[in-house]
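Computed from the coordinates by the stated procedures, all read-outs in this text should not be read as laboratory data. Note that the coordinates shown come from a computational prediction; the quantities given were computed from them, not determined experimentally. Neighbour counts run over all protein chains shown; Cβ positions are idealised from the backbone, glycine included.
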């Protein structure tokens with residue numbers, strides 16, 4: 001068996017879960033990427049029935065860190081791109097990963113997390129248009145027990161979402177999504193967000209369930225959509241769901257009309273030619289009769 005190996009930094013998914021992925025877009029506040037600090041083979045060959053020791057070297061920065069370095073070693077068996085299936089069926093490839101966490105610091109202390117907000121935008125995800133607020137943990141420590149309550153209002157309509165017990169990796173960000181669950185329309189959407197984090201029975205902040213927290217942050221911001229932007233968001237959702245965008249439908253309709261016009265012209269030309277041929281045959285017959293009478 002051949003196993004691929006890589007080191008990846010910790011980041012945060014849009015579900016509020018810590019993940020390890022070298023493809024994730026990293027937050028600008030991340031100074032030390034585990035991927036750059038670890039030296040190790042990227043492939044391991046494991047003979048059948050045997051055990052192999054894998055060795056990785058982590059080189060810590062010379063400067064004192066303002067927190068911790070977080071990431072993981074990821075091991076994944078090499079597989080083919082496609083599964084072998086019967087003709088006409090869809091192939092499914094089962095993959096699994098084994099992850100070993102990396103957590104390092106060069107100072108024996110703890111650090112306080114700090115949540116900041118970085119604007120509101122629209123985002124198509126999970127089959128719907130969402131109003132998304134970007135949340136950032138710019139500190140080099142984990143931000144734990146994050147609870148978010150968010151509402152979006154537009155033209156008297158309110159959309160809401162609550163989620164608790166989320167976690168953010170050090171120096172990471174994610175988009176907290178409030179789904180519209182209907183077509184986006186032009187106009188201004190106002191998003192109000194309240195976030196609590198780090199549960200503490202003696203904390204001064206209390207959420208709607210009575211749970212107390214050490215920290216609380218609030219944020220209000222707007223995002224305005226033009227008619228063109230709303231149409232594009234809706235078309236993208238329809239296309240992702242297997243539908244056909246309006247622009248493509250319009251293009252196909254134009255082609256159908258053009259083809260119909262061409263065939264119509266051909267039909268008329270053939271009909272006119274048939275009539276002309278018929279008249280020519282009649283004239284030739286009349287001419288033959290005249291010649292016969294002259295004899």
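Does the range 41-83 come out rounded, prolate or oblate by the C-alpha gyration tensor, with a ≥ b ≥ c the root eigenvalues, rounded set by a/c under 1.5 and, if not, prolate when a/b is larger than b/c and oblate if not? Because a/c hits 1.5 or more and a/b exceeds b/c, the range 41-83 counts as prolate.
Each 10 Å bin from 0 upward holds the following percent of the Cα-Cα pairs of the range 2-104: 12, 36, 29, 16, 5, 1. Each label point was placed 7 Å from the Cα along the Cα-to-Cβ direction; for residue 63 and residue 95 their separation is 3.5 nm. The modelled label-to-label distance for the pair residue 52/residue 188, using points 7 Å beyond Cα in the direction of Cβ, is 6.1 nm. Convert 10 °C to kelvin, take the viscosity as 1.306 mPa s, use the Kirkwood radius over C-alpha pairs of the range 115-240 as Rh, and evaluate the Stokes-Einstein diffusion coefficient in µm²/s, rounded to a whole number. The Stokes-Einstein estimate is 103 µm²/s. Here the residues 96, 75, ranked from fewest to most Cβ neighbours within 10 Å of their Cβ, fall in the order 96, 75. The ranking of 175, 201 by Cβ neighbour count inside 10 Å, starting from the fewest, reads 201, 175. Residue order for 74, 266, fewest other beta carbons within 10 angstrom first, comes to 266, 74.
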